[in-house]
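Just below is one structure, and these are the notes that go with it.
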Amino acid sequence: MNFKEKFKKISKKNNSLLCVGLDIDRKKIPKYLFSKSRTPFFDFNKKIIDSTKDLVCAYKLNMAFYEALGMEGYKTLEKTIDYIPNDIVFILDGKRNDIGNTAEKYALSIYKNLGADATTISPYLGFDSIKPFLDYKDKCSFILCRTSNPSSKDFQDLKTKNKPLYVRVSEKIKEWNKENDNCGVVVGATYPEELREIRKILGENIPFLIPGIGAQGGDIKKTVEYGTNKNGSSAIINSSRGIIYAGSGEMFYEKSREKAVSLRDEINKYR
């Protein structure tokens, strides 16, 4: 089953476009886990997954939060990957690519060794840095286009032949996808007008990974209306901190579930 088939199936099963970001942070995880568990980070993720797996279409693991913990983090990453139900899309957020030979190794690590369904990559080095990822035909490579952070405008708004750079990037993604049909795009919910513009450029079928909901303050109504296709699909809307750190006590995961239900249902209201 390729990425698009898997996403379509789980999205329909759970009636969801919601992605939960499993961004583990020692400062935010409930303190009791460190006294009661030998694997507190994994146990935290396990509770979040158990309480939300019927509400999501995807989980996203940002590699930085795991690498920052050294070997403990790598072990937690592997255990979490193994624990995610097989029918749920698993995105490994690494934003990793380089010149061709190095990009091949990054793609091998993410797609074959770690088994991700999708990853995030930068377009800055051009197509030869993208191609090794696209060679994995059953995967989806989400290419950064208009990111959710405030300083993204430093470069992404720069005009090239009277068009902002993010528009040029979206046009390239459309071109690359014609041959490979496994490109995705990252566009932040914090820039709704640009989100609408990029969806118009890329059409109905290219999947969007949309961060910026929740803690970053993206507008849910505009995100859904501008980011999805005419069928109210083809978008994965991510929330991390706003869900996984909603609660702080021993029953923290119940609060996380409440937040996930609320966000999933609000997204569906506008589909």
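What follows draws every value from the coordinates through simple rules; no lab data is involved. This structure is a prediction, so every number in the text was calculated from the model and none was measured. Cβ coordinates were reconstructed from backbone atoms using ideal geometry, including for glycine residues, and neighbour counts include every protein chain displayed.
The translational diffusion coefficient of segment 1-156, from Stokes-Einstein at 37 °C and 0.692 mPa s with a Kirkwood hydrodynamic radius over alpha carbon pairs, comes to 198 µm²/s. With Cα atoms as the point set, segment 106-189 shows a radius of gyration and Dmax of 13.2, 42 Å.
Distance cut-off 28 Å, Cα to Cα: go down the list Lys36/Lys139; Lys112/Lys153; Lys60/Lys221; Lys112/Lys178 and report the pairs above it. Among Lys36/Lys139; Lys112/Lys153; Lys60/Lys221; Lys112/Lys178, the Cα-Cα distance tops 28 Å for Lys36/Lys139; Lys112/Lys153.
Going by neighbour counts of Cβ atoms within 10 Å, the residues Ser122, Ser234 line up, fewest first, as Ser122, Ser234. For the chain, the alpha-carbon coordinates run over 58, 43, 37 Å along the three principal axes, in decreasing order. Among Asp135, Asp219, Asp154, the residue with the largest mean-square fluctuation in a Gaussian network model of the chain, with springs joining Cα atoms closer than 10 Å, is Asp154. When the chain is treated as a GNM with alpha-carbon contacts under 10 Å, the residue of Ala116, Ala68, Ala235 showing the greatest mean-square fluctuation is Ala68.
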